[in-house]
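Written below as structure tokens is the structure these notes are about.
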Amino acid sequence: TGKRPSIDFSQFTSLKEITIDWETKDYNLERCENVENFYLWHHKPKERNFNNFKFPLNCKNNTSLNWTNVEDLTTLNGLKGLKKIEIHRSRNLKSLKGLQKYSETLEQIIVTTSGKLEEYEFIKEFPNLKKAYINKKTIVE
């Protein structure tokens with residue numbers, strides 16, 4: 001299968017839900033200001049971070065990161081108002097550092113199949129966190 005053409009997301013700023021397979025040529029995703037649910041698949045840059053990826057500016061409900069190779073979340077950006085984050089099959093993820101910037105709005109954190117993840121205990125201090133599930137282990141309920 002061939003790669004799809006790039007997408008200029010400034011043409012779709014009113015989208016409420018976005019599901020994308022990572023493509024380096026996509027641009028202006030941060031211009032989508034009405035996103036409620038965002039699903040990112042197969043984000044695997046050489047740098048193992050989000051430095052060159054701009055997330056939607058706002059995300060009122062859920063963000064799901066699937067098959068990403070990042071080692072931590074310190075370069076996570078945008079996503080104002082984020083209530084729930086799910087991270088699945090992120091084999092290089094070692095730390096949830098970076099989620100602190102969403103600590104006031106996050107209510108749920110779910111991480112599965114991320115065997116290297118060790119640094120996450122600090123999320124218990126998030127004031128509005130109602131549920132946290134890390135690799136088959138309930139952290140907050």
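Each Cα pair of the stretch 67-125 feeds into the Kirkwood radius, which the Stokes-Einstein equation turns, at 37 °C and 0.692 mPa s, into a diffusion coefficient of 284 µm²/s.
Report the FRET efficiency, 1/(1 + (r/R0)^6), for Gln100 and Asn51, where r is their Cβ-Cβ distance and R0 is 22 Å, rounded to 0.05. That gives a FRET efficiency of 0.75. At the listed q of 0.12, 0.13, 0.19 Å⁻¹, the Debye profile of the stretch 19-89, built from one uniform point per Cα, gives log10 I(q)/I(0) equal to -0.26, -0.31, -0.70. Taking every alpha-carbon pair within the chain, the share separated by more than 28 Å comes to 14 percent.
Comparing Ile20, Ile85, Ile110 in a Gaussian network model of the chain, where Cα atoms under 10 Å apart are tied by springs, the biggest mean-square fluctuation is seen for Ile20.
Per-residue 3J(HN,Hα) values for the stretch 79-86, derived from phi via the Karplus relation 6.51 cos²θ - 1.76 cosθ + 1.60 with θ = phi - 60°, read 6, 4, x, 4, 9, 9, 10, 10 Hz in sequence order (x marks Gly and Pro).
Under 18 Å of direct C-alpha separation, and excluding same-chain neighbours fewer than eight residues apart, Lys84 reaches these lysines: Lys16, Lys60, Lys97, Lys101, Lys124, Lys130, Lys131, Lys136, Lys137.
Residues whose amide H falls under 5 Å from that of Gly98, counting only those 5 or more places apart or on a different chain, are absent, with hydrogens built in the peptide plane. Charge dipole of the chain (Cα centre as origin; +1 on each Lys and Arg Cβ, -1 on each Asp and Glu Cβ, all else neutral): 300 debye, rounded to the nearest 20.
For the stretch 55-60, putting each phi into the Karplus relation 6.51 cos²θ - 1.76 cosθ + 1.60 with θ = phi - 60° gives couplings of 6, x, 4, 10, 8, 6 Hz, in residue order, rounded to whole numbers and with x for Gly and Pro. Along the charge dipole of the stretch 1-126, pointing to its positive end and built from +1/-1 on Cβ of Lys, Arg, Asp and Glu, which listed residue (Ile7, Leu82, Leu57) has its Cα farthest out? The residue sitting most towards the positive pole is Ile7. Put simply, the amide H of Thr63, placed in the peptide plane, has neighbours under 5 Å in Phe38, Lys84, Ile85, Glu86, leaving out anything fewer than 5 places away on its chain. On a per residue basis, the chain carries 56 Å² of accessible surface, using protein heavy atoms and a 1.4 Å probe. With contacts taken as Cα pairs under 8 Å at a separation of at least 6 residues, the stretch 30-141 carries a relative contact order of 20 percent.
To put it simply, the accessible area of the stretch 19-135 at a 1.4 Å probe is 45 percent carbon and sulfur.
Within the chain, DSSP assigns beta bridges of which about 10% are antiparallel (rounded to the nearest 5).
The values are calculated or read from the model by the stated rules, or taken from the named source; none is laboratory data. Since the structure is predicted, the reported quantities are computational estimates derived from the model, not experimental observations. Note that we place each Cβ from the backbone using ideal geometry, even for glycine, and neighbour counts take in every protein chain shown. The protein model used for the area step is the full one, side chains on, heavy atoms only, and it has no ligands, DNA or RNA in it. Shrake-Rupley method; radii C 1.70, N 1.55, O 1.52, S 1.80 Å.
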